[in-house]
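A short write-up of the structure that comes next.
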Amino acid sequence: MEKRGSRRANGGVPDGKQPTKTDYSRWRLLDERGRQTWHYLRTDDEVKKWPQSVADKYFLGLPTGLPDLKTSTTPLQAVNNGLSFYSKLQLPPGNWGCEYGGPMFLLPGLVITWYVTETPVPESHSIEIKNYLFTRQHEDGGWGLHVEAHSSVFGTALNYTCLRLLGAHAEDPRMVKARGKLHEMGGAVYGPHWSKFWLAVLGVFPWSIVNPTPPELWLLPDWLPIAPWRWWIHMRQVFLPMSFVYSKRWSYPPTALTMELRNELFVEPYEAIDFASHRNSISPLDNFHPKTWILNLINWIFVHLWIPYLLTKSLQQKAEAWTWKLIQMEDANTDYSNLGPVNGPMNLLACYIQEGPGAYSVRRHRERMEDFLWVKSEGMLMNGTNGVQNWDTAFTIHAVIECGLAEDPRWKPMLVKALEYLESQQTLENCKDHEVCYRHPTKGAWGFSNKDQGYSVSDCTAEAVKAILLLQKIPSYPNLVSERRIKDAIDMLLTMQNDTGGCSSYEPRRGSELLEYLNAAEVFGRIMVEYDYPECTTACISALNVFRKQYPDYRAKDIETFIQRAVSWIRSDQRADGSWYGAWAICFTYAGMFALQALRSMGETYANSERVRRACQFFLDRQMDDGGWGESYKSCEDGVYTQHEKSQVVQTAWVCIALMEADYPEVEPIQKAVKLIMSRQLSNGEWPQEAIEGVFNKSCMISYPNYKFIFTIKALGMFARKHGDMVLQ
Ligand code: LAN
């Protein structure tokens, strides 16, 4: 083990001595039944034995060698060209993979955890993480909440720290600039809660600057409206290890490097700072969701009354024991994959604290961290989940079916593989003691990424089961998923409806929206409970509709009631201007596509529905001169449609699909948009990456790079089927 004083998370290489690039011809993506990990091959022999695939090259930004195709003049030709390229990106188990970056607060959590748990970091990783962070550094020297966001204390303090831990030199001009920006924003004391937490773990902050996350909250009776089991799953699963670590006030012992950071991250000298007085300090640049007075009062009570006077040792021990048990259950139920990239590293840290460096839990967690990492031309980043496997695969199937090409011999083998993949990823049982650890049933469900992670998501289940139903209906396709398993999926979906009729993401809503008063994260909105989402609701409606056509007798009444209530909710969620606000991608263009699909399934179209006409008008009023649509991520933050400076193929495709679902009677605006999508396609069938597509919690953007294939192909195919495969360019 290295000496603490000189520790860097870069394999102990002294500053400035590490190469600045890895050899990109040596990176390989391994996909083991949906578990995606990147490997850097050391020897020529390994390189020879494991050739780089087209997909590897594409992800790494290397020339793929894929040929130029015959120029397409009709939408269907463009579809075939697109599929010809996109099919080469299908991975051996049958799924698609992609970078899932965007958030800029994930890598620091991982790198700090690696550092404080003394996890050796391969040199290839440390080089490429630094490359990624430097590539993503803004002109002003800082980083934001996500790749496109303005610089903030959260992004800058944490990514600066991350770079230093990986060996970047404090006097590197880029670091000097970053420090300048951080100081201009007031220094690290003005960061939000999560950055204060991580820097306390690292030993750079004392715990007195961190607002409390007491594990005792986990001892509250379940009937209490604020009990943590009612919170949105991502919040409670992050709060869980956070509260455990907080209770221990665990910090890494000082090293030479962390002592240097104490000098670099603040404007004033470390010794002069009154940390406790900065508990609530936050830069306006970070303060997306200011804390409410109620939360401030609760924090005050915790700090000044509860912790010093009321909390007994035995209660604290009881709370730690219970949170530790819940952490272990989360680890066991996901084979240490964990729900996401924030609680993953935190659970690793909790295991390290509780069980020590040699424990199986720590080893397995360390391996699992690899599942979140992704390598691209800019370097190595941390994905927002352990992949987008199930989601992209189901949508790809829908797109090809919409194009009427499911039986085309060119694409059928690809779809059979995709079907095999989805078959392999259904969760067949509820997880162990699911009621004890507050997990929603998983039997019959699909998650967003893979079966290891295994959390049921309403729309992921819906889109997957719909893809399977549609493919297996075609006589020449194999029947891989049995009727029983399909019914299990439907049973699961039927548990997902809220009392409003709408559907949420992972489970029906468990707590009141008033819990948002306790939102302590400051940088995100709408995080405390589940909400109704047009995207999730439509996906459920649509899957149930497909299902009941094939199985009219199964739970017919339940399904009918579910659909009626869900569609009513979709109607009620429409704004006066005809639009719907989207929660999971940017923004009104995305949600409108789903909502109009839901209305169509009840026979509501332009011809007979005033609300559909209003929705179409909303889009037509925003069509850009080039025929496309382009919406900025600001729409998500502000809740007001905001034009992007440039039209985007993905959003253009969403609106085309929306207008076609609505049976918008005039072909001209759609045709103009289709032409635009075709004109952006490259000669090898590829569409280049444009602006970021996805979002979560209103403020944080996230990439869905496969959308530029999936939705363009779907829109062009739908157009050809509806209006004819006419010559357009
Ligand atoms: C996702 C990704 C997928 C997404 C859809 C399926 C698209 C959506 O329709 C339902 C919600 C879901 C499953 C979703 C929820 C929140 C996630 C997991 C993410 C946006 C990916 C990353 C994000 C997660 C919360 C990131 C970690 C950050 C925290 C604030 C904990």
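Couple of notes before you dig in:
- Amide H contacts for Y581 (H built 1.01 Å from N in the peptide plane; partners 5 or more residues away or on another chain; cut-off under 5 Å): none found.
- Region 391-446: projected area of the alpha-carbon convex hull, averaged over directions, in nm²: 4.4 nm²
- Segment I226-E407, extension gain: residue separation times 0.36 nm, minus the distance between their alpha carbons: 59.9 nm
- In nm, spacing of pseudo-spin labels at L620 and A359 (7 Å Cα→C-beta vector): 6.3 nm
- Angle in degrees between helix 233-248 and the longest Cα principal axis of the chain, rounded to the nearest 10: 10 degrees
- Against the chain, whose longest principal axis comes from its Cα atoms, helix 588-601 is set at around 40 degrees.
- Each Lys and Arg adds +1 at its Cβ and each Asp and Glu adds -1 at its Cβ; summed about the Cα centre, region 315-414 shows a dipole of about 260 debye.
- Förster radius 56 Å - calculated FRET efficiency between E645 and L310 (Cβ-Cβ, nearest 0.05): 0.50
- Taking the Cα centre of region 106-382 as origin and assigning +1 to Lys and Arg Cβ atoms and -1 to Asp and Glu Cβ atoms, the resulting dipole is close to 560 debye.
- Each principal axis of the Cα cloud of the chain was evaluated for its coordinate range; sorted largest first, these ranges are 73, 60, 46 Å.
- Scaled radius of gyration (Cα, divided by 2.2 N^0.38 Å) that region 106-382 gives: 0.99
- Cβ crowding within 10 Å, taken as a proxy for footprinting-reagent exposure, orders E46, E268, E463 from fewest neighbours to most as E268, E46, E463.
- Listed values for region 535-551 are Karplus-derived 3J(HN,Hα) couplings in whole Hz (6.51 cos²θ - 1.76 cosθ + 1.60, θ = phi - 60°), namely 5, 5, 5, 4, 4, 5, 4, 5, 5, 5, 5, 5, 4, 5, 5, 8, 10, and x replaces Gly and Pro.
- Burial ordering of S683, S151, fewest other beta-carbon atoms within 10 Å first: S683, S151
- Each residue of region 721-729 was assigned a 3J(HN,Hα) from its phi angle through the Karplus curve 6.51 cos²θ - 1.76 cosθ + 1.60 (θ = phi - 60°); the sequence is 6, 8, 10, x, 8, 7, 6, 10, 8 Hz, with glycine and proline shown as x.
- Simple point charges give the picture: +1 on the Cβ of Lys and Arg, -1 on the Cβ of Asp and Glu, and for the chain a dipole about the Cα centre of about 820 debye.
- Helix 173-184 and the longest principal axis of the Cα set of the chain meet at an angle near 80°.
- For L373, the residues whose modelled amide H falls within less than 5 Å of its own, excluding neighbours fewer than 5 places apart on the same chain, are N383.
- Computed from backbone phi, the HN-Hα couplings of region 625-630 come to 4, 7, x, x, 10, x Hz, rounded to whole numbers (Karplus: 6.51 cos²θ - 1.76 cosθ + 1.60, θ = phi - 60°; Gly and Pro given as x).
- Amide H within-cut-off set for G167, under 5 Å, with H built and near neighbours excluded: A9
- Between S572 and R613, the modelled labels are 2.6 nm apart [label points 7 Å from Cα along Cα→Cβ].
- Pairwise FRET efficiency - E668 versus W300, Cβ, R0 = 51 Å, nearest 0.05: 0.25
The numbers here are math on the coordinates, done by the rules we state, and not lab data. Here the structure is a predicted model, which is why all the values come from computation and not from measurement. All Cβ positions, even for glycine, are placed from backbone atoms using ideal geometry, and neighbour counts span all protein chains on display.
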